[in-house]
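For reference, the structure is listed below as C-alpha cells.
The values are calculated or read from the model by the stated rules, or taken from the named source; none is laboratory data. Since the structure is predicted, the reported quantities are computational estimates derived from the model, not experimental observations. Because the Cβ atoms are built from the backbone with ideal geometry, glycine has one as well, and the counts that use them run over all protein chains shown.
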Amino acid sequence: MKYLFALVLFALSSLAQAQTSPPNNHPPLVVGPVHLTCIDKPCSAATITGSARGSGVNGPATAQTGMTINFAKDNWWTGGKVGEVDGLNILVRQNGPHSDSSGILVNVQNQGHGFLSATEFASSIVDPVKNVLTYGIDVQEGVLDRLNGDYIGAVYTADYGALGTGILIQNGQGASWQYAIQYARNGDALFSVDGAGNIVGSSAYLGSVNVNGDPVNGSVDVGNLANNSATPYINLNGFGTSQNNVRMINDANGQLTINTVTGGNLQVNANGVFTTESFHVNLATPSSSSAPCTVGQIGADTKYIYVCVATNMWKRSALSSF
C-alpha cells in the first residue's frame, strides 16, 4: 500500500510541475520527419479529417474550422520587441523534372447557393487608444457567388481608411517584367501592358470614344452610343489656353464644324465648304490644259484662276486689277 501511495504522490507532483512550468520549457510541436512512399494515391505527413454539421449562421464568428492558428506577439496591444511574426510559414522544395509544386494548394467546392471563395484574407491597423480600425484591406480570390451571379477572379476591398493603390505591379533592382498585365482569350492576346508601360490591345472603349471601332480597317469612333441625338466633338488644347483652343464638332447630320478660340470657323457639309474669313489657295500653275486633275479642282497663280472641268482638262480665267 505504501508503494501505491508513493506512486500517487509522484504522479500528482509531476502533474503539478507540468501545469506550473513556464511555457518556454515546452518544446514546439514537431511532426516528422516522415518519409512518404505513396505512389498511386495522395498522402500527407499530417492529415486533419472532420465532419462539420454547420452552425446555421453565416460568418467567421460561427465558422467551423478544420484547423485554427491563434498566434500573437507577447504584449501585442501595448508594444513589443521589433521582429517579424508569421502565422504560418511554409517551405516547399521541388526538383523533380516536370514535376508540379504549390506552396499552398486550396480546393473549395460548394453544392449550395451560398458565397464561395478559394481564399479570403484581410490586413488591418488598429488604433490602440480608441480601439478602432483605421486602415483595412480585404482580399477574396476565386469568388463564386451563385446567388447574385458574380463569378470573379479576385476582389480587392478597401474596408477602412483612405487607402492608396488597389493593385501595384513593380520590379526590383535588376529585374523586369516583359508584360505587367496580359489577357488572352482562346490563346490570342487581346490586351497587355508591357514592362515599359505601353498599352496594347485589339480595341479600346473609353466613355464615348471607341478606338478601332472598325476592326478590319481600323477607326476612332467618337459619340454617345446611348444617345443618338448627341453632338460629339473633339477639343484640341494648347498655346497657352486651358481648353477649346480648337474644337471639331459634328453639329448637324453630315456636317463638320471647326471652331477656333481666335474666332475662326470652318464648316463642311453637302453644300460645300464655308469659312467666316477669307479662303486661301496655294499659288500653282498647271503645266498645261491637259495636266492631271480631278473635276472641281482649283488652282491659281498671279495671272489666272484654273478650274478642272473634266478629268485632266483645265480651263482658266484671267485676273485683272480693280
**Report entry** Pairs where the first residue, in the stretch 190-201, is touching a residue at least 24 places away in the same chain (Cβ under 8 Å) and the second is of a type in the set (Gly, Ala, Ser), C-beta under 9 Å, 6+ apart
**Finding:** Gly195/Ser176; Gly195/Ala180
Query raised in the report: Filtering the stretch 196-251 down to residues that are closer than 30 Å to Gln182 by Cα and β-branched (Val, Ile, Thr), which residue is farthest from the chain's Cα centre (by Cα)?
Result: Val216
Report summary line: Considering residues that are assigned to a loop (DSSP other than H, G, I, E, B) and at pLDDT 85 or above, the number found within the stretch 224-236 is 4
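Restricting attention to the stretch 145-157, does a residue exist that is part of a strand (DSSP E or B), of a type in the set (S, T, N, Q) and modelled with pLDDT of 95 or more? Steps first, answer last, please.
From the stretch 145-157, those part of a strand (DSSP E or B) are 145, 150-157; that's our starting set.
This time we only want the ones that are of a type in the set (S, T, N, Q), so: 157.
Filter once more, keeping what is modelled with pLDDT of 95 or more: 157.
Yes - at least one qualifying residue is present in the stretch 145-157.
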Report summary line: Quick count over the stretch 270-315, residues being under 53 Å from the mean Cα position of the chain (by Cα) and not β-branched (Val, Ile, Thr), is 11
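From the list Ser55, Ser44, Ser101, which one is without any contact (Cβ under 8 Å) to a residue 24 or more places away in the chain, within 30 Å of the chain's Cα centre (by Cα) and in a loop (DSSP other than H, G, I, E, B)? Give the derivation first.
Numbers: Ser55 fails: within 30 Å of the chain's Cα centre (by Cα); Ser44 fails: within 30 Å of the chain's Cα centre (by Cα).
It is Ser101.
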Report summary line: Subset of the stretch 64-87, residues of a type outside the set (Gly, Ala, Ser) and either touching a residue at least 40 places away in the same chain (Cβ under 8 Å) or closer than 21 Å to Ala52 by Cβ (or both), comes to Gln64, Thr65, Met67, Thr68, Ile69, Asn70, Trp77, Thr78
Report task. Can you work out which of the residues in the stretch 27-63 that are modelled with pLDDT of 90 or more and within 21 Å of Asp138 (Cβ to Cβ) is surrounded by the fewest Cβ atoms within 10 Å (Cβ to Cβ)? Result -> Val57
Query raised in the report: Residues in the stretch 116-140 that are modelled with pLDDT under 90 and surrounded by 10 or more Cβ atoms within 10 Å (Cβ to Cβ): how many?
Result: 1
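What number of residues within the stretch 199-222 satisfy the criterion of being assigned to a loop (DSSP other than H, G, I, E, B) and either among the hydrophobic types (A, V, I, L, M, F, W, C) or exposed (fewer than 10 other Cβ atoms within 10 Å of the Cβ) (or both)? Step through it out loud before you land on a result.
At the first step, the residues of the stretch 199-222 found to be assigned to a loop (DSSP other than H, G, I, E, B) are 202-203, 207-208, 212-219.
Imposing the further condition that a residue be either among the hydrophobic types (A, V, I, L, M, F, W, C) or exposed (fewer than 10 other Cβ atoms within 10 Å of the Cβ) (or both) reduces the set to 207, 215-217.
Number satisfying all stated conditions: 4.
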Requested in this report: Test each condition in (1) surrounded by fewer than 10 Cβ atoms within 10 Å (Cβ to Cβ); (2) in contact with a strand residue (DSSP E or B) (Cβ under 7 Å, 6 or more places away or on another chain); (3) at positive phi for Asn244 and report the one that comes out false.
Outcome: (1)
Report summary line: Of (1) exposed (fewer than 10 other Cβ atoms within 10 Å of the Cβ); (2) over 26 Å from Ile152 (Cβ atoms), Leu105 satisfies every one except (2)
